[in-house]
Amino acid sequence: MRKVLEHQGLRTDLAKTGLEALEMHGEHAYRLVLSDWMMPEMTGVDLCRELRHRGGAYTYFVLCSSKGERADRVEAFDAGVDDFLAKPVDRDELHARLTVARRILAMEDNLQRQFGELERANEKVKAMNASLLLASKRFEELFNGLPVPCFTFDRDGLIHEWNRAAQAKFHIHPQQALQRPVWEVLKDGEKPFWTKDVVERVFGGSMPPSVDWSYKVGDGELRYFACSLFCLEDNDGGPLGAISANLDITERELAERRIHLQMQQINEFAVKLEEQKRALVQANERLQHLAVTDGLTGLWNHRRFHEELERRMVEHRLSGRPLSLMLLDVDHFKSFNDSFGHQAGDDLLRQFARILKDQSRGTDFPARYGGEEFAMILNAANHVDALETAERFREAIQREPWNSRAVTASFGVATLDDSIENPRQLIEQADQALYHAKSTGRNRCAHFSDMDKTGDEKSTRAA
């Protein structure tokens, strides 16, 4: 086994017992472990369970055994085993399983990098939230600290802020004023001033910036006020709301000078508040986008693919509509990278993803599964529909005018039936069909349920 692994380019270390393997793992933190089931001192299942208990970077664990009972496999999967190899081990199957293991470990590393990016984006959002909260508090403190009665209202005339000076001058508590029309709160006077028409004129720009009005306070005393009206504007010059600042007529000159400066400060804070709100929305959208999309191709990522597959399998069981899964792999992608470089390989994957999006239906779900492998959930597609769809994609890829050299792809298809209990089984069937398509010549499509008609490949892979 060690010679086979090293022949495939893997650097290997050999442990003769489970305890020895555990000690070596503590020193090297292996990412891939192939273990026999029955060993001296510790079984392979106990070794896997201990590795999972220790945590750290994910280790892909393959168990080699001649045991084939269902209860044995359930015990091994419960302990954290990722895959099985039946003894005696077939070299081709070992190579295929190791290819899957490498792909999964690469996806795990990619997910960890994306998680770090998400963490950094989340910290940025937290900082922006804190800044927004601080700006809101400063706005509130500045507004409440104004030495004259002030309140804000919107286009419907509803009052949103009512400062301390307004409470003292008008003898009206904020709870009696907030979220009520201004013409209902301030209705007593020699002549009613606050009306719906006044509010419309304020937001329409036809209201004078300063008007006089009267109001009877709680003890019945009639007081006259000089009202200064200011519209709060956003970055585009549109009105966010309006502020009414009311001065006793005897203090007009002094108060107007003070209010003018402070209203400028309030408007600056309001504009800044709106900018931060916009930035927060953009940051949240970016955060959500990073969580579910592949950064290179723009398709849904591996995590989002598994969520969608599980959701659609539940819908299938409720509705009875057919559901198929297609896995596709760029043929000879490694040799393409070796010949033209990784940048050209990235360009190929982006072009490949564009073809998938252009050719897919609105109900299909294209995703990047990992590396040069892609997945497509085919909603309402039975066995025949799925194969026809795969063939249509294969022909579109073959017809595409590629820059460096002709590019083809192999397709593996599986259709959901009553024998499949979970998404993993459907993925395994599609993966086996893909392996069959590649091993029988590439640039072709294969369906899992048809594989038994072409030889014993299905029984070999299932083992």
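Bear in mind that the values in this text are calculations on the coordinates, not laboratory data. What you see is a predicted model; the values in this text were computed from it and never measured. Here the Cβ positions follow ideal geometry from the backbone for every residue, glycine too, while neighbour counts run over all protein chains shown.
Calculate one ³J(HN,Hα) per residue across segment 174-180 by plugging θ = phi - 60° into the Karplus curve 6.51 cos²θ - 1.76 cosθ + 1.60, and present them in order as whole Hz with x for glycine and proline.
Ordered by residue, 3J(HN,Hα) equals x, 5, 7, 10, 5, 6, 10 Hz.
Compute the acute angle (0 to 90°) between the alpha-carbon long axis of helix 44-54 and the principal axis of greatest extent of the alpha-carbon atoms of the chain; round to the nearest 10°.
On a 0 to 90 degree scale, this one is about 20.
In square nanometres, what is one fourth of the surface area of the convex hull spanned by the alpha carbons of segment 301-374?
5.4
In whole Hz, with x marking every Gly and Pro, tabulate ³J(HN,Hα) for segment 425-430 from phi via Karplus 6.51 cos²θ - 1.76 cosθ + 1.60, θ = phi - 60°.
Coupling constants for segment 425-430: 5, 5, 5, 4, 5, 4 Hz.
Can you pull the semi-axes for segment 264-319, root of five times each eigenvalue of the Cα gyration tensor, sorted largest first, whole Å?
Semi-axes, largest first: 40, 15, 6 Å.
Which entries in Lys169/Lys191; Lys67/Lys438; Lys169/Lys272; Lys137/Lys169; Lys126/Lys357 show an alpha-carbon gap greater than 27 Å?
Table pairs above 27 Å Cα-Cα are Lys67/Lys438; Lys169/Lys272; Lys126/Lys357.
Where does segment 141-188 land on Rg/Rh, using Cα atoms and the Kirkwood Rh?
Across segment 141-188, the Cα-based Rg/Rh ratio is 0.94.
If I model a spin label at Leu318 and Ser404 as a point 7 Å from the Cα along the Cα→Cβ vector, what separation in nanometres do I get?
4.5
What do you get for trypsin sites (Lys or Arg not before Pro) in segment 289-366 restricted to DSSP loop and a cutoff of at most 14 other Cβ within 10 Å of the site's Cβ?
The qualifying sites are Arg361.
With Kirkwood's inverse mean 1/r over C-alpha pairs for Rh, give me the Rg to Rh ratio of segment 311-463, two decimals please.
0.98
I need the trypsin sites (Lys or Arg not before Pro) found in segment 380-426, filtered to DSSP loop residues with at most 14 other beta carbons within 10 Å of theirs.
For trypsin sites (Lys or Arg not before Pro) across segment 380-426 that sit outside H, G, I, E and B with at most 14 neighbouring Cβ atoms in 10 Å, the list reads Arg405.
Segment 410-452: which chymotrypsin sites (Phe, Trp or Tyr not before Pro) are DSSP loop and have at most 14 other beta-carbon atoms within 10 angstrom?
For chymotrypsin sites (Phe, Trp or Tyr not before Pro) across segment 410-452 that sit outside H, G, I, E and B with at most 14 neighbouring Cβ atoms in 10 Å, the list is empty.
Can you tell which of His25, Leu133, Ser319 lies farthest toward the positive end of the dipole of the chain, using +1 and -1 charges on the Cβ of basic and acidic side chains (Lys, Arg; Asp, Glu)?
Going by the charge dipole, the pick is Leu133.
I'd like the distance separating the alpha-carbon centroids of segment 1-66 and segment 256-283, in whole Å.
62
Which angle from 0 to 90°, rounded to the nearest 10, does the C-alpha axis of helix 302-319 make with the longest principal axis of the chain?
Computed tilt is about 90 degrees.
First obtain the Kirkwood hydrodynamic radius of the chain from its Cα pairs, then insert it into the Stokes-Einstein equation at 37 °C and 0.692 mPa s, and state the resulting D in µm² per second as a whole number.
Diffusion coefficient, whole number: 116 µm²/s.
From largest to smallest, what semi-axes in whole angstrom does segment 411-452 give when each is the square root of 5 times an eigenvalue of its alpha carbon gyration tensor?
20, 9, 7
Over the Cα atoms of segment 91-156, compute the convex hull volume and normalise it per residue, giving Å³.
Per residue, the Cα convex hull of segment 91-156 comes to 95 Å³.
At a Förster distance of 25 Å, what's the computed FRET efficiency of Ala71 paired with Arg424, Cβ-Cβ distance as r, to 0.05?
According to the calculation, E is roughly 0.85.
Once segment 2-89 is represented by equal point scatterers at the alpha-carbon sites, with solvent omitted, what log10 I(q)/I(0) does the Debye formula produce at q = 0.18, 0.23 Å⁻¹?
The Cα Debye sum returns log10 ratios of -0.78, -1.26.
Just to confirm the number: angle between the C-alpha axis of helix 342-359 and the first principal axis of the chain, 0 to 90 degrees, nearest 10?
Taking the Cα atoms of the chain, the angle to 342-359 is about 80 degrees.
With θ taken as phi - 60° and the coefficients 6.51, -1.76 and 1.60, list the Karplus ³J(HN,Hα) couplings across segment 107-115 in order, rounded to whole Hz; mark glycine and proline as x.
5, 4, 5, 5, 5, 5, 5, 5, 4
Within the chain, what is the longest stretch that has no GluC sites (Glu not before Pro) placed in a DSSP loop and near at most 10 other beta-carbon atoms within 10 Å?
222-420
Once both labels are modelled 7 Å past Cα along the beta-carbon direction, what's the Gln288-Glu391 spacing in nm?
Simple spin-label model gives 4.1 nm for this pair.
Based on alpha-carbon centroids, what's the gap between segment 320-393 and segment 210-243 in Å, whole number please?
Answer, in whole Å: 63.
Starting from the Cα-Cα distance between Arg258 and Leu134, subtract it from 0.36 nm times their residue separation and give me the gain in nm to one decimal.
Length gained, Arg258 through Leu134: 42.2 nm.
Could you list which residues have their amide H under 5 Å from that of Ala242, counting only those 5 or more apart in sequence or on another chain, with H placed in the peptide plane?
Phe153, Leu232
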